[in-house]
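The values are calculated or read from the model by the stated rules, or taken from the named source; none is laboratory data. No experiment lies behind these values; they were computed from the predicted model shown. Positions of Cβ are backbone-derived with ideal geometry, glycine not excepted, and every protein chain shown enters the neighbour counts.
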């Protein structure tokens, strides 16, 4: 197990290095530059700006300097559109907002999706199952771009229960978390139901019933841990997307999270900020994916850690 974990750690480091290199190069190959939208300035001023941010050097030299700063000092560089602020400072401010929304959304998705999935398998063939699966399908089908305004219309403008947008009190987090959580919860419900249906017909579940265990004990104690394997596999990338924030959700509810800065940075050709945010996204995804592999192995001993 330890050797496999070390192997996965090495693979993760190499993967992050490849991601950082690709993003660094690709954003600089895009048409336009970080100062193209500024008012016309004398050539000397433009040259001074490029020299200040080391954009006048060859791309290999820029990459070498950026990588040395990152590895040695943990510095992702300055931003081009936010004067006197570094990428590290912007991430330090925006990442906690995305993490709070993402953590709450993940908890809501699990709290809704797992019970619905288990009940959908146990109630197979009943009318209640058809209603439940229709709700799950609806949850999967509605994109957040539509779901967000609907939540605002009903719960903010209609009932007046929660604020429309901004980030000030705990009440401002409810609607964004719901908007992010419901589609993920619907996916979890479908995966949990499929996994539970596969397990309920297995020999060891029939053996557990033959030994006198109640249906509830057989489901919760024996079937559920094995049936959770596909859910755990899905939670790696899903949790990463939730924890680092959804671009759509943060835009709809005007949240100062990483997704909002990422969109602005891409539009403004802010190379360092785009690269830094993508690297944070990739790091969280890699870590959570590794944790999901370990958790799946612990839940089902028949699964080997890759």
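Residue count for segment 90-101 under the criterion of being in contact (Cβ under 8 Å) with a residue 12 or more places away in the chain, more than 30 Å from residue 194 (Cα to Cα) and surrounded by fewer than 19 Cβ atoms within 10 Å (Cβ to Cβ): the result is 1. Of the helices (runs of 4 or more DSSP H) contained entirely in segment 1-95, those carrying at least 2 residues that are modelled with pLDDT of 85 or more fall at 2-29, 59-68. Residues that are touching a residue at least 60 places away in the same chain (Cβ under 8 Å) and part of a helix (DSSP H, G or I) within segment 247-265 comprise 248, 249, 250, 252, 258, 259, 260, 261, 264, 265, listed in sequence order.
Residues being farther than 24 Å from residue 227 by Cα and either assigned to a loop (DSSP other than H, G, I, E, B) or touching a strand residue (DSSP E or B) at 6+ places or on another chain (Cβ under 7 Å) (or both) are represented in segment 149-159 by at least one member. Taking residue 152, is it over 21 Å from the mean Cα position of the chain (by Cα), closer than 23 Å to residue 242 by Cβ and in contact (Cβ under 8 Å) with a residue 40 or more places away in the chain? Criteria met by residue 152.
Out of 57, 111, 130, I need the residue that is touching a helix residue (DSSP H, G or I) at 6+ places or on another chain (Cβ under 9 Å) and in the same structural domain as residue 191 (by TED's automatic domain parsing). Which one? Step through it out loud before you land on a result.
On the way: 57 fails: in the same structural domain as residue 191 (by TED's automatic domain parsing); 130 fails: touching a helix residue (DSSP H, G or I) at 6+ places or on another chain (Cβ under 9 Å).
One residue alone meets the criteria, 111.
If you check 49, 119, 104, which single one turns out to be surrounded by 12 or more Cβ atoms within 10 Å (Cβ to Cβ) and under 24 Å from the mean Cα position of the chain (by Cα)?
From the options 49, 119, 104, the qualifying one is 104.
No other residue among 87, 131, 112 is surrounded by 14 or more Cβ atoms within 10 Å (Cβ to Cβ) and more than 28 Å from residue 17 (Cβ to Cβ) apart from 112.
If you filter segment 229-246 down to residues that are part of a helix (DSSP H, G or I) and either out of contact with any helix residue (DSSP H, G or I) (no Cβ under 9 Å at 6 or more places or on another chain) or within 18 Å of residue 148 (Cα to Cα) (or both), you find that the one that is modelled with the highest pLDDT is 242.
From 178, 153, 191, 161, grab the single residue that is at pLDDT 85 or above, loosely packed, with under 12 Cβ neighbours inside 10 Å, at negative phi and in the same structural domain as residue 234 (by TED's automatic domain parsing). Full working, then the answer.
Details: 178 fails: loosely packed, with under 12 Cβ neighbours inside 10 Å; 153 fails: loosely packed, with under 12 Cβ neighbours inside 10 Å; 191 fails: loosely packed, with under 12 Cβ neighbours inside 10 Å.
After applying the criteria, what remains is 161.
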